[in-house]
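Novice: Structure incoming, see below.
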Amino acid sequence: MLAAARKDLLLDRLRRDGRIVAKEIAAELGLSEDSIRRDLRELDAAGLAQRVYGGALPASPAVVDYASRASVAPDSKRRVAAAAVALIEPGAAVILDGGTTTLAMIEALPRTWDGTVITHSPTIAAALLDHRADVLLIGGQLFKHSAVACGAAAVEAAMRVSADLFFLGVTGVHPTAGLTTGDADEAAMKRTLASRAAETFVLASEEKIGSASRYAVLGLDGVAGIVTDAPASDPTLRALDAAGTRIVRA
């Protein structure tokens with residue numbers, strides 16, 4: 001089998017099964033594991049798969065830069081944002097992660113809402129200028145790829161706040177890989193913010209369900225629920241539901 005045909009087959013299996021075990025697919029095709037691993041390395045380098053120990057998972061399309069993300073699944077993000085806003089009580093203190101889905105939350109949030117928003121995203125803070133809500137902006141080194149503050153200074157500042165809810169943005173939600181993102185420092189900042197809230201809800205538009213990125217943020221048992229508009233028949237959602245993860249339907 002030619003390399004191009006093998007890669008097409010591997011991508012088909014990723015879409016169908018949500019994962020590839022290199023040893024199993026090598027035995028099925030009568031090939032060496034080295035050949036399969038080489039194919040997976042090349043698919044990973046092309047952004048088409050995420051290599052993990054023993055195989056690969058579907059790669060998330062949400063790891064592109066901030067400007068490009070605005071055009072990825074915008075309708076799905078608006079639905080997820082509206083469902084997330086419905087979880088917010090009057091007067092609550094809410095931490096908002098950076099990202100295009102949280103920006104859509106600002107559009108759905110009533111301008112008269114009188115709570116407090118804490119964020120490390122200058123984009124989110126600026127979008128709240130015409131809202132009644134108080135805004136606390138966490139500073140630090142700007143990670144331009146996601147337009148958020150990260151690093152030691154941002155983590156130290158975040159440790160001084162507390163909130164009722166944290167709305168977490170990730171690039172992948174997978175039954176075995178958990179919640180992932182594409183940068184190690186950003187993953188650490190997200191964990192810190194999650195530790196400062198009583199409950200964390202994950203914002204998961206359709207393209208993130210069933211995919212994975214390189215760096216772990218939290219396990220699925222570390223959040224109160226997943227807000228998503230992916231169909232209930234999706235195998236990832238069925239697996240999450242069976243494991244006891246709360247699914248908030250958008």
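Novice: Based on the mean of other beta carbon atoms within 10 Å per residue, what is the order of 160-166, 129-135, most packed first? List each step's numbers first, then the result.
Specialist: Details: 160-166: 17.3, 129-135: 12.6.
Descending packing order for the listed peptides: 160-166, 129-135.
Novice: Would you list the P(r) distribution for the chain, with all Cα-Cα distances sorted into 10 Å bins from 0 and each bin expressed as a whole %?
Specialist: With 10 Å bins starting at 0, P(r) equals 8, 31, 33, 18, 8, 2, 0.
Novice: What does the charge add up to near Leu240, with Lys and Arg as +1, Asp and Glu as -1, over the other residues with Cβ less than 14 Å from its Cβ?
Specialist: Working: positive: Lys208, Arg238, Arg246, Arg249; negative: Asp221, Asp234, Asp241.
Residues near Leu240 contribute +1 overall.
Novice: Next up: With Cβ to Cβ distances under 15 Å as the rule, what net charge do the other residues near Leu179 carry (K, R +1; D, E -1)? Walk me through the numbers before you get to the answer.
Specialist: Working: positive: Lys190, Arg191, Lys208, Arg214, Arg246; negative: Asp97, Asp183, Glu186, Glu199, Glu207, Asp221.
Net local charge, Leu179 excluded: -1.
Novice: Relative to the Cα centre, what is the charge dipole magnitude of segment 3-59, using +1 at the beta carbon of each Lys and Arg, -1 at the beta carbon of each Asp and Glu, and rounding to the nearest 20 debye? Don't skip to the end; give the middle numbers.
Specialist: Numbers: 11 positive and 10 negative charges, 24 e Å.
Here the size comes out at about 120 debye.
Novice: Let me ask something else. Sum up the charges of everything whose Cβ sits under 9 Å from the Cβ of Val217, counting Lys and Arg as +1 and Asp and Glu as -1, but leave Val217 out. Display every interim value, and only then the final one.
Specialist: Numbers: positive: Lys190, Arg191; negative: Glu186.
So the surrounding residues net to +1.
Novice: Still on this structure, I have one more. Counting helices only, and only those DSSP H runs with n ≥ 4, report the 222 nm mean residue ellipticity of the chain as the sum of -39,500 (n - 2.57) divided by its residues, in deg cm²/dmol to the nearest 500.
Specialist: Working: 10 runs with 94 residues, N = 250.
Per the formula, -11000 deg cm²/dmol.
Novice: I've got another one for you. Counting Lys and Arg as +1 and Asp and Glu as -1, each charge on the Cβ, what is the dipole of segment 72-117 about the Cα centre in debye, to the nearest 20?
Specialist: Computed charge dipole of segment 72-117: roughly 140 debye.
Novice: Same structure again: In segment 3-59, if the dipole is taken from +1 on Lys/Arg beta carbons and -1 on Asp/Glu beta carbons about the Cα centre, which of Ala49, Ala22, Ala4 is farthest to the positive end?
Specialist: Farthest towards the positive end: Ala49.
Novice: Could you tell me which of Leu109, Ala158, Thr228 has its Cα farthest along the dipole of the chain towards the positive end, charges placed at Cβ (Lys, Arg +1; Asp, Glu -1), taken about the Cα centre?
Specialist: The one lying farthest along the dipole's positive direction is Thr228.
Novice: Rounded to the nearest 5, what % of DSSP beta bridges with both residues in the chain are antiparallel? Spell out each step's value before the answer.
Specialist: On the way: 15 of 41 bridges.
Percent antiparallel among DSSP bridges in the chain is about 35.
FYI, it's all coordinate maths here, none of it is from the lab. As the structure is a computational prediction, the values presented were derived from the model and not from experiment. Positions of Cβ are generated from backbone atoms using ideal geometry, with glycine treated the same way; all protein chains shown enter the neighbour counts.
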